[in-house]
Amino acid sequence: MAETVFAKIVRGEIPCHKVYEDDRVLAFLDVNPLSKGHTLVIPKEPAETLDQLSDESAAAIGRVLPRIARAVMAASGARDYNLLQNNGAPAHQAVLHVHFHIIPKHDDGTGLGIGWKPIQLGDGKELAAAIAAAIARA
């Protein structure tokens, strides 16, 4: 895995506005926020994408995400938020280290804007079976 700004933050080489930390997870304010309270939640384990993350680190993030989201909403005054996680540069991942964005959506319109262009699923039976089989092999 390439050296990233997040690895340097985990090691304490770059300061951050920390909001949460345990043995496996670090959460801090985004330095280029989309809205007040925009928070990043990262594993301390170096992994570029979610599928490369260990089950242990994934579980640790899953345990604290709801608590951090509640705290961000309480502190920012927002009622709504987006939880965003990108994997790979073509999917808009700017830092190649797993990270989750908690992005409050405020009444002033700040927050995440999404251009959602759905496609047709079609039958789906064959694709669902292929995904289920891949899960069984994982």
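Okay, residues lined up against (1) farther than 22 Å from His92 by Cβ; (2) surrounded by 13 or more Cβ atoms within 10 Å (Cβ to Cβ):
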| position | (1), (2) |
| --- | --- |
| Pro15 | yes, no |
| Ala27 | no, yes |
| Ser35 | no, yes |
| Asp51 | no, no |
| Asp55 | yes, no |
| Arg67 | yes, no |
| Ala71 | yes, yes |
Does any residue in segment 110-131 that is under 24 Å from Asn82 (Cα atoms) come within less than 6 Å, Cβ to Cβ, of a residue that is among the polar types (S, T, N, Q) and not in a loop (DSSP other than H, G, I, E, B) six or more places away or on a different chain, and which pairs are these? Leu112/Asn82
Requiring at least 3 residues that are within 12 Å of the chain's Cα centre (by Cα), the strands (runs of 3 or more DSSP E) wholly within segment 8-116 are 25-29, 39-43, 80-84, 100-105
Against the condition at pLDDT 95 or above, over 30 Å from Gly115 (Cβ atoms), loosely packed, with under 12 Cβ neighbours inside 10 Å and of a type in the set (D, E, K, R), how does Arg63 come out, does it pass? no
Can you tell me which residue in segment 117-129 is nearest to the chain's Cα centre (by Cα), limited to those that are of a type in the set (A, V, I, L, M, F, W, C) and loosely packed, with under 10 Cβ neighbours inside 10 Å? Ile119
When residues of segment 95-116 are filtered for being in contact with a helix residue (DSSP H, G or I) (Cβ under 6 Å, 6 or more places away or on another chain) and farther than 13 Å from Ser76 by Cα, how many remain? 3
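The values are calculated or read from the model by the stated rules, or taken from the named source; none is laboratory data. Keep in mind that what you see is a predicted model, and the values were worked out from it rather than measured. Quick reminder, even Gly has a Cβ in these numbers, built from the backbone with ideal geometry, and neighbours come from all protein chains shown.
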